[in-house]
Amino acid sequence: MEAIDEQLAERGRALIAAAVAETQAPLALRERIEADRQRAVAPARRRRLRGLLIPAGGLVAAAVVAVVLIAGGGGAPSVLATASLAARGPVLPPPHENKANKALLESSIDGVPFPYWGQLKWESVGARDDKIEGRTARTVYYANPKGVRAAYTILGGDAVDPPSDAAKHTDNGTDLYVVEDKGRRVVTWERNGHTCVLSAPLAVPEQKLLDLAAWQGNGKVPF
Amino acid sequence: MLSAVVSGPARQLDPAALGDHVDRLYRAAWALCGSREDAEDLVQETFAKVLAKPRFLRNDDDLGYLLRVLRNTFVSRHRSAMRRPQAAPLPEELEPADNSSAMRPDQAVEARQVFQYISALPADFRDALVAVDVVGLSYGEAAKLLGTKEATITSRLYRARAQVARGMDPSRESVL
């Protein structure tokens, strides 16, 4: 009787694990939450802006604030700040495979295209666009058959330095830097002068993440 | 209601990082409600509550905090619903088998059934199973969150998993 209960519990655990692995929040729900989040953040920004203007009380202060807002603070975003965009989740549909080049997706930043990893069993499942420190950052989300998700961000503008404590690897002639942050493994490297950031849960082996980052699709993915 | 876990200095919950938890909260909500549509509403209401004002936590357990808010919101909604007159759903209002996020139709049906069986479990069993198997908290985290002992979580999980398996197997006694 005990052995039967044991088997049942194990069967139940496996059934639940399978249901969990194949279930993701609908894109429409993510979009509604993202819209709520942006609405919630906007009043806070306005309050901060008023807090800056009132003590200064003049046009000079207003001009300074405007310049800071437009320039996005003036500094380059860090790799980890860029990687944190992945946590916000996809709010756009996944880009399609490029019909002319099956190693690429129909999405790019400053002419740097995202790879299509279908043959590696990682399908694109969503995307998002952000502004970080005044720069455009586009993220494409990929998922493997187990439902594990990786986020690939290409940062617009000049490349930024990798984190100082990142471990360096070289694969396919590309320098890749690996660091762990907030329970995720983050890989960063350059493609055509742009910073790319790939992050995934720690459950994804480091070598797997490095292989994905350095994958050049037999020369069809421009680096 | 679930108990709060308090230790260490306060820090503000980062709204920008909430998106990382949507999938897990959605699954938890589905397992609590037994319906995808109700789960979507519950998750959105949970995030709306969290985003309504700055939140300060005394630990790094954002997910545990969000699960607590989700569960409390679920309990409040359930109580409100119980006070309203109940209407039996017409056949066309019953939960459809389709699940666009699943890879195959048979998987979609099975996932829907699994979540429905979980939602029909006794609340103590259901909450332990949602915290550990659905959301992915450790036994210790689940015990703190649910205000009980790890050994109790272990026992509830064991029995809850077995009940789900029985429910999914027509040849065995169903929990529904």
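Per residue of A:26-38, count partner chain C-beta atoms within 10 Å of its C-beta, then hand back the mean as an integer.
Numbers: counts 9, 2, 1, 12, 5, 0, 5, 12, 4, 0, 8, 8, 2.
Partner-chain Cβ atoms within 10 Å, mean over residues of A:26-38: 5.
Per-residue Cβ neighbour counts within 10 Å put B:138, A:164 in the sequence A:164, B:138, beginning with the fewest. Taking the fewest neighbouring Cβ atoms within 10 Å as the starting point, the ordered list for A:112, A:197, B:164 is A:112, A:197, B:164.
What pairs from A:102/A:182; A:182/A:208; A:131/A:208; A:146/B:149; A:99/A:220 go past 22 Å between their alpha carbons? In this structure, A:102/A:182; A:131/A:208; A:146/B:149 exceed 22 Å between Cα atoms.
If you take the Cα centroid of segment B:109-132 and the Cα centroid of segment B:13-38, the two points sit 15 Å apart.
Spatial offset of segment A:146-213 relative to segment A:81-113 amounts to 15 Å, using the alpha carbon center of each.
Just so you know, all these numbers are worked out from the coordinates, no wet-lab data involved. Note that the structure is predicted; figures quoted are calculated from it, not measured. Ideal geometry is used to build each Cβ from the backbone, glycine not excepted, and the neighbour counts take in all protein chains shown.
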